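The values are calculated or read from the model by the stated rules, or taken from the named source; none is laboratory data. Because the structure is a prediction, the values reported are computed rather than measured. Methodologically, a virtual Cβ is constructed for each residue, glycine included, from the backbone with ideal geometry; neighbour enumeration extends over all protein chains shown. Surface areas here come from the heavy atoms of the whole protein model, side chains and all, with no ligands, DNA or RNA. Shrake-Rupley method; radii C 1.70, N 1.55, O 1.52, S 1.80 Å.
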Amino acid sequence: MSEKTPEAGSSLWRDAWLRMGKNKAAMASLGVFTLIVFMCFGVAWFCKDPNAVTLTNKFASPSGEHWMGTDALGRDLFSRILYGGQISILVGLIATAVSVCIGVTYGAVSGFAGGRPDALMMRIVDTLLSIPFLVVVIVLQAVLSVWSSDTSSWIVQHWNWDKTFTDRLTNIVPLFFALGLFGWLTLARIVRAQVMSLKEREFVEAARALGYDRFRILFRHIIPNTLGPTVVYATLTVPGFIMYEATLSFLGLGVEAPNSSWGILIKEGANFMETHPALLIIPGIFFSLTLFSLNFLGDGLRDAFDVKASKD
Amino acid sequence: MSFLEVKNLKTYFHTRAGTTRAVDDISFSLDKGEIVGVVGESGSGKSVTCHSILGLLPQPPAKIEGGNVSFDGGEILGLDPPLLRAIRGKRISMIFQDPMSCLNPYLRILDQVAEPILVHEDVTREEAESRAMEMLKKVGIRDAEGRANSYPHEFSGGMRQRAMIAMALVTKPDILFADEPTTALDVTVQARILGLLRDMRDELGVAVLFISHDLGVVADVADRVVVMYNGKIVEQTDVLSLFENPSHPYVKGLLACRPTFETKYHTLPTVEDFLETETSSDGSLILRERPDSQERLAALEREVEPSACSDITLLQVDALKVHFQSGGGFLGKPLEVVKAVDGVNLQIQKGQTLGLVGESGCGKTTMGRAILRLVHATGGDVTYDGSSLTSLSGMELLPFRKRMQIIFQDPYASLNPRMTIEQALIEPMIVHGLGADLEDRRSRVVDLLEEVGLSSAHLRRYPHEFSGGQRQRLCVARALAVEPEFIVCDECVSAMDVSVQAQVLNLLRELQDRRGLTYLFISHDLSVVKFVSDEVAVMQAGRIVELNSSEALYQNPREEYTKELLHAVPRGDLETLRQRLH
Amino acid sequence: MFRFILGRLLQGLLVLFALYTITFFLAKAMPGEPFTTEKNVSETTKQYLRKLYGLDKPLPAQYIIYPSKIITDRDFGVSTSKGRPVRDIIAQSFPVSLILGLGAMSFAIGIGIPIGIISAVRKNSWVDWSLMAVAMVGICVPAFTIGPLLQILIAANVPGLKVAGWGNPLDFLLPAFTLGLVSAAYLARLTRGGVLEILSQDFIRTAHAKGLSPTRVILKHGLRGGLLPSVAYLGPAFAAMISGSFIVETIFQVPGMGQHFVNAAISRDEFLLMGVALFFGFLIIMMNLISDILTGILDPRVRIGKAAQ
């Protein structure tokens, strides 16, 4: 035949990416989200101390000094928003990462095993889904926070870490776990359904006929094909977790001072809503923009990965 | 002027990828009480034609660029939607290919059949329902009164299509558009549905535009035939002249590349043996007869079948049983046992092909998988080259996995969409330790691709970048990567257009000649099985009802079921056609 | 049908027991001490209560005592922080939450489903885009922002509506709206997706070929299947709505059940915690059962009895 050099093919990921590139709302969302992440994790380090209290300068209007004014304690609002965003976004991302790890493994094993093990594993998921999520997160938080303050002092004592930093860290880590430990349930169901249907696909049967072992089939042939839906669902989970964090913080159960998060900023802002609405509205805008962009991004990814939308 | 007259109809699809001329300037007509067959392969524009006439196309992306359609003296193309709706379902009805997906699963059959009357005529619900019931009886739904309140999923495929036809005919339309109405059905059911359509034409005088990819089916029902290729009509004439004396090279190719009971070729002719295509400067396709087509055909006729006589039994199946359990959930119903394969004995000689035919649900696919131990056999024994496979553990089975392979029906689902062709073909070599190193394996992959007729330039591509026929070639190449002796071909050409089917069948033949392969060829298509097989087994309800050499079985069927099957096959040959037309 | 419901109820009992186990051990693992409350309970009372509820016994015994008391005496224990029987607390606050939840549910269905249908029918038009953008606002703006906004903008200006409180017939309007908004937004998206999915099916083409008007195609052929995802969502969502929301109750000062979830967890009130958790679990199981039965009615292919397979 021909002596041409092999031309590189276009993988499904690339195709999906190209489809996504045509979706203006999704691309704009990606841009907005990237910008917010860049501000919170890059620009923030060059900003003022978010906890520096200046009681003489309460409720200042925006100025060259304080771009978005100051809050009830004279702290720089802009800098507080960026630092708060760090926590909110981290909670969203890490809790999602935790639930993706658990959910994909659990769902894939359950779906691949089939039969009785699958039935049992799914009953467990059903049970966990009927537990009031908020209650468990609160209780878990309470349980883990004892552990976290113990750990914090242990780390400070043995490893000589900075106490403020360690406290901040151990304060939010339980939140990641509490959210991540329950957030994987829906994902496990999605992955299981995917695996169940992939298992019946002929390429998996071909793999069995070719004598591939179970691990090769599961990890090389089945799981890579579940990644599309997983990415889509994970993207839509991040805003959900950010919302949960905000809710918990609003209740005074999430992030504790001196950490701040968007939930806390909104709560603080709501107290002065009638006199200084900017304190509620500006963090609210950041918060909602992030959620908006992640949701639109997830929708765009879903359209891009949708099998039915692709050719043939 | 004819009852329905289509003139210069053009329907284009405008997408981001560019413009497709799905229907490109076609003209034809349909008279009262006539059955006109529209034949073409997938993408030829035959369905789009129907949908354009009835205004059923989603616009955009489709756009009707021009033409006229006159129906009973009036123009209907571009008619006001409400006026068109008054015609649709009342004077021109339509039935579709898959009656399962085309009937609403949430509504009772009777409600669906009565709905066109209720919408188009001013009658009471009782009257509409009684007329619907009458029509259900007329189309041959057994126990219509008892079953009219059932839902579509409670009907069998044939009964669903009958209900669909009842729904289309209940308003006594002048014209019925039938879009591949029997493609999803078994041959015996297909024969009955075709008979029903002919009866309805005789009884109600309805004109039928019968769309099909299958020339054999069209020969069974049509008075005139329109052949479409790439959006254009290449030939239209009465059905007898089409079969007797086709004029267009594409039609000649299409007629020749179908395996029939009479085919004597060892290698099938393909459409390419007759037709040359060239893309002209303005992007349109120029079709031309091959100057050397006669010589090519003569060369094929001279080919003789290599005497593949062999008396070494490669595979022996004894009393094989596969039973599935269904039901029996938590507090559920008692267990129900489905006997998919129920005591099958057969053997295959080395280098030969055993054809396994049967209708859907007869257990032929399960049997192919049970032989390869892809499903667990409930009882019986499979002996391959002297060793029993039934009791082997996973590791002990591995050497046999190298020797026995399978090719599936759906080449789209048979390849992992996330692996390049190179990865997919190298993987089996790694698992079975074939090839010295990566370089060696790569060069083997290149050889394999060329052996199945693909270019090595495709190495880094992904499966979705190939056509259906190419993908099936890839599946063949992957099976060959482990150098097997025995291959189960499970309906492996069933989803293909005839022209592609001929190419893949030829490839399988060629590989068998060259590599001495043994095939178990599973198919519902008796003509194809006749063409490829040395021996044929007929399967029904989990058992083999008849097994004989291919010639003997088709000439002298012994069992009633075999006779029924053979009788139901649309033969699509001149003799049968002349008989039908007297 | 009967067998299906019985099976599901038995399954539900197992789930409830698993739920009890989890809450029991979580409650035991919580830091702090029960009976440390705002109300001063004397040491003798504490001792008495401890003994009464078996808190002086070893853990395995405690694990068995609580459910057996529920079964024999319908006694859910005493709230250690409120000093009242848990049963009374639920009996008092649940009706409030039920009214609020029913109102929220009506808002959610009444707003969400029509919006979803309109969006699906006018797919990719500006109507669709703007409705879906509004739905996105409902999802992205938290209740604790919308609630106060409603108080300022509406309650302060419309006569008859109060900023907060519970007692007048109209008091449920604003909190129910706030509570139902998120669900309305989800329902709109689910309904749109479901209806679009159905509208892309082959039998819709059949319906058009029969000459039906577009309205009839959607109402008769599109809606039934298109509502299935919404029905599946509504089961658990309704259970969550009628069991109260702490945030909405706090903002509008509604004496519902949601506050008890949070307060019990914070004040280590283990009987109250287990009581409300079990009650919530019970609601979820019942609502899921109802939504499955509804699914069976809408979709003949999963008719109950067959679904048990």
Report task. For residues that are under 15 Å from B:C102 (Cα atoms) and more than 14 Å from chain C (Cβ to nearest Cβ), tally how many sit in segment B:112-164. Result -> 5
Report task. Hey, can you tell me all the residues within segment B:495-514 that are open to solvent by 20 Å² or more (accessible area, probe 1.4 Å) and among the aliphatic types (A, V, I, L, M)? Result -> B:A495, B:M496, B:V498, B:V500
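Can you confirm whether segment A:228-243 contains a residue that is within 14 Å of chain B (Cβ to nearest Cβ) and open to solvent by 30 Å² or more (accessible area, probe 1.4 Å)?
Checked segment A:228-243: at least one residue is within 14 Å of chain B (Cβ to nearest Cβ) and open to solvent by 30 Å² or more (accessible area, probe 1.4 Å).
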Requested in this report: Return yes or no: is C:I115 farther than 24 Å from C:G167 by Cα and part of a helix (DSSP H, G or I)?
Outcome: yes
Report task. Would you mention how many residues in segment B:376-398 are open to solvent by 20 Å² or more (accessible area, probe 1.4 Å) and facing chain A (nearest Cβ under 8 Å)? Result -> 2
Report summary line: Counted residues in segment B:55-69 being within 24 Å of B:V36 (Cα to Cα) and either open to solvent by 10 Å² or more (accessible area, probe 1.4 Å) or in contact with a Phe, Trp or Tyr (Cβ under 7 Å, 6 or more places away or on another chain) (or both) come to 7
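Tell me, please, whether a residue that is in contact with a Gly (Cβ under 6 Å, 6 or more places away or on another chain) and either closer than 25 Å to C:I198 by Cβ or at pLDDT 85 or above (or both) can be found in segment B:129-151.
Looking only at segment B:129-151, we keep the residues that are in contact with a Gly (Cβ under 6 Å, 6 or more places away or on another chain), and these are none.
No, that holds for no residue.
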Requested in this report: Considering only segment C:182-225, state which residues are open to solvent by 60 Å² or more (accessible area, probe 1.4 Å) and among the small types (G, A, S).
Outcome: C:S200
Query raised in the report: Quick check: anything in segment A:56-71 open to solvent by 30 Å² or more (accessible area, probe 1.4 Å), at pLDDT 70 or above and assigned to a helix (DSSP H, G or I)?
Result: yes
Query raised in the report: How do the pairs read when you match residues in segment B:446-461 that are at the interface with another protein chain (Cβ under 7 Å from one of its Cβ atoms) with residues anywhere that are modelled with pLDDT under 85 and part of a helix (DSSP H, G or I), using Cβ under 7 Å and keeping only pairs 6 or more apart or on different chains?
Result: B:E450/B:S456
Requested in this report: Select from segment A:32-69 the residues that are in contact (Cβ under 8 Å) with a residue 24 or more places away in the chain and within 17 Å of the chain's Cα centre (by Cα) and write down the one among them that is nearest to C:W126 (Cα to Cα).
Outcome: A:V32
Query raised in the report: Do you know which residues across segment A:251-274 are away from every other protein chain (no Cβ under 12 Å) and buried (at least 24 other Cβ atoms within 10 Å of the Cβ)?
Result: A:G254, A:V255, A:S260, A:S261
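Of all residues in segment A:173-194, count the ones that are touching a residue at least 40 places away in the same chain (Cβ under 8 Å) and either open to solvent by 10 Å² or more (accessible area, probe 1.4 Å) or within 14 Å of chain B (Cβ to nearest Cβ) (or both). Full working, then the answer.
Residues of segment A:173-194 touching a residue at least 40 places away in the same chain (Cβ under 8 Å): A:175-194.
Checking the rest, the ones that are also either open to solvent by 10 Å² or more (accessible area, probe 1.4 Å) or within 14 Å of chain B (Cβ to nearest Cβ) (or both) come to A:176-177, A:181-184, A:186, A:189-190, A:192-194.
Residues in segment A:173-194 being touching a residue at least 40 places away in the same chain (Cβ under 8 Å) and either open to solvent by 10 Å² or more (accessible area, probe 1.4 Å) or within 14 Å of chain B (Cβ to nearest Cβ) (or both): 12 in total.
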Report summary line: For segment B:235-254, the count of residues that are without any contact (Cβ under 8 Å) to a residue 60 or more places away in the chain and of a type outside the set (F, W, Y) equals 12
Query raised in the report: Just checking, how many residues over segment A:279-298 are of a type in the set (A, V, I, L, M, F, W, C), within 14 Å of the chain's Cα centre (by Cα), open to solvent by 10 Å² or more (accessible area, probe 1.4 Å) and within 10 Å of chain C (Cβ to nearest Cβ)?
Result: 1
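Based on what the data block shows, is A:I217 in contact with a Leu (Cβ under 7 Å, 6 or more places away or on another chain), open to solvent by less than 20 Å² (accessible area, probe 1.4 Å), part of a helix (DSSP H, G or I) and within 14 Å of chain B (Cβ to nearest Cβ)? Walk me through it before giving the result.
Working: in contact with a Leu (Cβ under 7 Å, 6 or more places away or on another chain): no; open to solvent by less than 20 Å² (accessible area, probe 1.4 Å): yes; part of a helix (DSSP H, G or I): yes; within 14 Å of chain B (Cβ to nearest Cβ): yes.
Against the criterion (in contact with a Leu (Cβ under 7 Å, 6 or more places away or on another chain), open to solvent by less than 20 Å² (accessible area, probe 1.4 Å), part of a helix (DSSP H, G or I) and within 14 Å of chain B (Cβ to nearest Cβ)), A:I217 does not qualify.
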Query raised in the report: Of the conditions (1) more than 7 Å from chain C (Cβ to nearest Cβ); (2) out of contact with any Phe, Trp or Tyr (no Cβ under 9 Å at 6 or more places or on another chain), B:R91 fails just one. Which one is it?
Result: (2)
**Report entry** Failed item, numbered, when A:Y83 is tested on (1) more than 17 Å from A:L279 (Cα to Cα); (2) at pLDDT 80 or above; (3) open to solvent by 20 Å² or more (accessible area, probe 1.4 Å)
**Finding:** (1)
Report task. Have a look at C:R301, C:R224 and point out the one that is within 14 Å of chain B (Cβ to nearest Cβ), in a helix (DSSP H, G or I) and within 30 Å of B:L84 (Cα to Cα). Result -> C:R224
Report task. Determine which member of the set B:R418, B:R373, B:R401 is touching a Gly at 6+ places or on another chain (Cβ under 6 Å) and within 11 Å of another protein chain (Cβ to nearest Cβ). Result -> B:R401
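Where in segment B:92-179 are the helices (runs of 4 or more DSSP H), entirely inside, with at least 2 residues that are over 29 Å from the mean Cα position of the chain (by Cα)? Give the derivation first.
Values: elements: B:99-102, B:109-120, B:125-138, B:144-147, B:157-169.
Because the criterion is at least 2 residues that are over 29 Å from the mean Cα position of the chain (by Cα), the helices (runs of 4 or more DSSP H) in segment B:92-179 that meet it are B:109-120, B:125-138, B:144-147.
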Report summary line: Expected output for segment C:272-286 (first residue over 22 Å from C:L234 (Cβ atoms) and more than 10 Å from chain A (Cβ to nearest Cβ), partner buried (at least 23 other Cβ atoms within 10 Å of the Cβ) and of a type in the set (G, A, S), Cβ below 6 Å, 6+ apart or cross-chain) is C:L272/C:S79; C:L272/C:A264
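Yes/no matrix, rows are residues, columns are (1) of a type outside the set (F, W, Y); (2) in a loop (DSSP other than H, G, I, E, B):
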site: B:A502; (1), (2): yes, no
site: B:S527; (1), (2): yes, no
site: B:K530; (1), (2): yes, no
site: B:L547; (1), (2): yes, no
site: B:R558; (1), (2): yes, yes
site: B:Y561; (1), (2): no, no
site: B:R571; (1), (2): yes, yes
Requested in this report: Output yes when any residue across segment B:233-244 is open to solvent by 20 Å² or more (accessible area, probe 1.4 Å) and more than 26 Å from the chain's Cα centre (by Cα), and no when none is.
Outcome: no
Query raised in the report: Looking only at segment B:245-287, which residues are small (G, A, S) and open to solvent by less than 10 Å² (accessible area, probe 1.4 Å)?
Result: B:G253
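Let me confirm something: among B:K321, B:K232, B:K264, which residue is in contact (Cβ under 8 Å) with a residue 60 or more places away in the chain and among the basic types (K, R)?
Working: B:K321 fails: in contact (Cβ under 8 Å) with a residue 60 or more places away in the chain; B:K264 fails: in contact (Cβ under 8 Å) with a residue 60 or more places away in the chain.
From the options B:K321, B:K232, B:K264, the qualifying one is B:K232.
Tell me, yes or no, whether segment C:237-251 has at least one residue that is more than 22 Å from the chain's Cα centre (by Cα), modelled with pLDDT of 85 or more and open to solvent by less than 50 Å² (accessible area, probe 1.4 Å). Step through it out loud before you land on a result.
Restricting attention to segment C:237-251, the residues satisfying the condition of being more than 22 Å from the chain's Cα centre (by Cα) are none.
Within segment C:237-251 (the criterion being more than 22 Å from the chain's Cα centre (by Cα), modelled with pLDDT of 85 or more and open to solvent by less than 50 Å² (accessible area, probe 1.4 Å)), the answer is no, since none of the residues qualifies.
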Query raised in the report: If you go through segment B:42-63 one residue at a time, do you hit one that is touching a Lys or Arg at 6+ places or on another chain (Cβ under 6 Å) and assigned to a strand (DSSP E or B)?
Result: no
Query - Enumeration of residues in segment C:3-47 that are at pLDDT below 75, open to solvent by less than 40 Å² (accessible area, probe 1.4 Å) and among the hydrophobic types (A, V, I, L, M, F, W, C) - result: C:M30, C:F35
Query raised in the report: Could we say that B:V38 is assigned to a strand (DSSP E or B), closer than 21 Å to B:S93 by Cβ and in contact with a Lys or Arg (Cβ under 8 Å, 6 or more places away or on another chain) here?
Result: yes
